[in-house]
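Step one of this worksheet: look at the structure below.
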Amino acid sequence: DLKESSVIAATPVRSADGRAGAPPVFVGLDCSPNARDAFVAGTDASDVWEVVAPFSSSETSNEPVAAGAKRVGIARASSSRVLVNGHSSDLYSVAWSPTEAATYATASEGETVNVWCADSRVLKRAVSLGNKARSLAFSPSGAHLAVGCVNGGVHVLDAATLVRVRWIKTFSQPVTDLKYSPDGELLAACSSERRIDVYDVRRGYKLVSKCSGHGASVKHVDWSEDSRVLRTSCAAYEILHFDPRTGKQIVSDNQRDTAWHTRTSVLGFDAMGIWPYGADGTDVNAVDRSRSRRHLVTADDFGGVNVFNYPAVVDEAPRKKNAGHSSHVMNARFSPDDAWVVTVGGKDRAVFQWRFREVTGEDADTKRRAEPPWARVGDVDDGAVAAAREKARLEARKGSVGENAPWARPPALDLSLEDLPDLPAPGADDL
């Protein structure tokens, strides 16, 4: 680790032409079916390359070749480009720039921070930290990008150049979350050490206070709108409030009516409906509230990205579930204009961009009128349908043979389920 006052140049992960500083290690190949001189290759850094060979068999001469002679291809310069940039290890964090349009950053335990353009879906710049990264936060002005690391340190980077301007080390365990105060004067970092440290941005990120009191690893931290209160939650299902300038826990003042600048904790009355039935408290990894304060997005252990109306205060609140990740989804964040949601997978090392649009009742009605009846069956809970059929079978067996013989059709189903399509009653073969 370098000293706190050190300033180092950013180490480019890839040059302007997309080539890495060291030769890539290919772990998978596939030839193009349309051009045998071209192939795609996956690397150990989760990148996908396209490579065109220097000789093209498709461009050879069509003239006859003498016996024993070989057909010679036409010489051509080889070319290669990166089709997909990736992270080389588990991916945990994402943060949107508050000032640079459609720009967000991701960080992984592969020791890299990537900055992406949401509009073009390309990598804009990247830096190698030399430390495994776990959390990210942009300052409100967009000038700084703070990166929390597994070794307990925090890199503060110039967001435009990714040059490091400060190194902070007050923890010995992973920094699990980072948040700048809304006024930009303080930075709060929480750790697996069951503590939250607060730094003064104006004084070169000098340590201001240490907030202690949690019984387990602190997972999430949020600031109040006036930058006067911290709300934190931990793995022991505690929600605590602190004065960031003194580090003292606030126990006398009720925070029920406090306006919160962000809402990223998985715990709380206004988000209690995000938990599915039977959840053990670790199944939801991340939460974010939209800037309009009308929706919540969650990331769960089952590869799901779920959207709720906010607040979600009823048990198992209605949700829109989206799939795509093949592993635990570790984080999800709305863009500043609510046009996008970006999610990051842990083991699958994938960054997903989702377009976000609020669906009104009129839109839903129009969609249902445009769909054929058989396309709506997927909207029905298969478990509810199965339960209804079983109930019908049991009802059919009641009474005398004359009243309700086993081979007779059961009475009409009264399911009382919203949007349930008409289902054919089971016949004798079903019983």
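The values are calculated or read from the model by the stated rules, or taken from the named source; none is laboratory data. These numbers come from a predicted model, not from an experiment. So basically every Cβ, Gly included, is an ideal-geometry build from the backbone, and we count neighbours across all protein chains shown. Just so you know, the surface numbers come from the protein's heavy atoms only, side chains and all, with ligands and any DNA or RNA stripped out. Shrake-Rupley method; radii C 1.70, N 1.55, O 1.52, S 1.80 Å.
On the basis of being under 21 Å from the mean Cα position of the chain (by Cα) and surrounded by 21 or more Cβ atoms within 10 Å (Cβ to Cβ), does Tyr199 make the cut?
Details: under 21 Å from the mean Cα position of the chain (by Cα): no; surrounded by 21 or more Cβ atoms within 10 Å (Cβ to Cβ): yes.
Judged against the criteria, Tyr199 is not a match.
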Somewhere in segment 178-193, is a residue under 21 Å from Glu109 (Cβ atoms), out of contact with any strand residue (DSSP E or B) (no Cβ under 7 Å at 6 or more places or on another chain) and surrounded by 19 or more Cβ atoms within 10 Å (Cβ to Cβ)? yes
Scanning segment 40-93 residue by residue, those of a type in the set (Lys, Arg) and modelled with pLDDT under 80 turn out to be Lys70, Arg71, Arg76
Just for segment 127-145: of the residues that are over 18 Å from the mean Cα position of the chain (by Cα) and of a type in the set (Gly, Ala, Ser), which one is nearest to Ser181 (Cα to Cα)? Ser139
Selected residue (criterion: farthest from Val165 (Cα to Cα)) from residues of segment 202-242 that are charged (D, E, K, R) and surrounded by 16 or more Cβ atoms within 10 Å (Cβ to Cβ): Arg231
Go through the residues of segment 129-143 one by one and say whether even a single one is at pLDDT below 95, out of contact with any helix residue (DSSP H, G or I) (no Cβ under 8 Å at 6 or more places or on another chain), outside any loop (DSSP other than H, G, I, E, B) and surrounded by fewer than 23 Cβ atoms within 10 Å (Cβ to Cβ). no
Quick test of your reading of the structure: Ala22 fulfils all but one of (1) of a type in the set (Gly, Ala, Ser); (2) surrounded by 11 or more Cβ atoms within 10 Å (Cβ to Cβ); (3) modelled with pLDDT under 80. Name the failing condition by number. (2)
Can you name the residue in segment 165-182 that is hydroxyl-bearing (Ser, Thr, Tyr) and part of a strand (DSSP E or B) and is also farthest from Arg228 (Cα to Cα) among such residues? Thr176
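Filter segment 151-164 for residues that are part of a loop (DSSP other than H, G, I, E, B) and either open to solvent by 40 Å² or more (accessible area, probe 1.4 Å) or farther than 22 Å from Ser89 by Cβ (or both) and give the result.
We begin by selecting, within segment 151-164, every residue part of a loop (DSSP other than H, G, I, E, B); these are 151-152, 159-163.
Selection gives Asn151, Ala159, Ala160, Thr161, Val163.
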Does Gly110 count as in contact (Cβ under 8 Å) with a residue 24 or more places away in the chain, touching a Pro at 6+ places or on another chain (Cβ under 6 Å) and open to solvent by 10 Å² or more (accessible area, probe 1.4 Å)? no
Looking only at strands (runs of 3 or more DSSP E) that lie completely in segment 197-298, which have at least 1 residues being basic (Lys, Arg) and over 26 Å from Lys169 (Cβ atoms)? 284-289
Candidate set: segment 113-128, residues that are small (Gly, Ala, Ser) and within 18 Å of Asp90 (Cβ to Cβ); chosen: the one surrounded by the most Cβ atoms within 10 Å (Cβ to Cβ): Ala126
Just give me the residues in segment 299-322 being of a type in the set (Gly, Ala, Ser) and part of a strand (DSSP E or B), in sequence order. Ala299, Gly304
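Only one of these is touching a residue at least 40 places away in the same chain (Cβ under 8 Å), of a type outside the set (Val, Ile, Thr) and within 27 Å of Pro336 (Cα to Cα): Arg202, Arg166, Arg194. Name it.
Working: Arg202 fails: touching a residue at least 40 places away in the same chain (Cβ under 8 Å); Arg194 fails: within 27 Å of Pro336 (Cα to Cα).
The unique qualifying residue is Arg166.
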Within segment 84-126, restricting attention to residues that are over 27 Å from Phe26 (Cβ atoms) and charged (D, E, K, R), which residue is farthest from the chain's Cα centre (by Cα)? Glu100
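Which members of segment 202-215 meet the condition of being under 26 Å from Asn254 (Cβ atoms) and either within 24 Å of the chain's Cα centre (by Cα) or not hydrophobic (A, V, I, L, M, F, W, C) (or both)?
Taking segment 202-215 as the starting set, the residues that turn out to be under 26 Å from Asn254 (Cβ atoms) are 208-215.
Listed by number, the residues that qualify are Ser209, Lys210, Ser212, Gly213, His214, Gly215.
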How many residues does segment 243-274 contain that are open to solvent by less than 50 Å² (accessible area, probe 1.4 Å) and closer than 22 Å to Asp301 by Cα? 10
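This table checks each residue for (1) closer than 25 Å to Ile196 by Cα; (2) modelled with pLDDT of 95 or more; (3) of a type outside the set (Ser, Thr, Tyr).
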| position | (1), (2), (3) |
| --- | --- |
| Lys248 | yes, yes, yes |
| Asp257 | yes, no, yes |
| Thr262 | yes, yes, no |
| Gly268 | yes, no, yes |
| Asp300 | yes, no, yes |
| Val314 | no, no, yes |
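Mind checking which residues of segment 292-333 are closer than 21 Å to Ser135 by Cα and open to solvent by 70 Å² or more (accessible area, probe 1.4 Å)? Reasoning before the result, please.
Taking segment 292-333 and keeping what is closer than 21 Å to Ser135 by Cα, we get 296-301, 303-305, 325, 327-333.
Within segment 292-333, just His328 meets the criteria.
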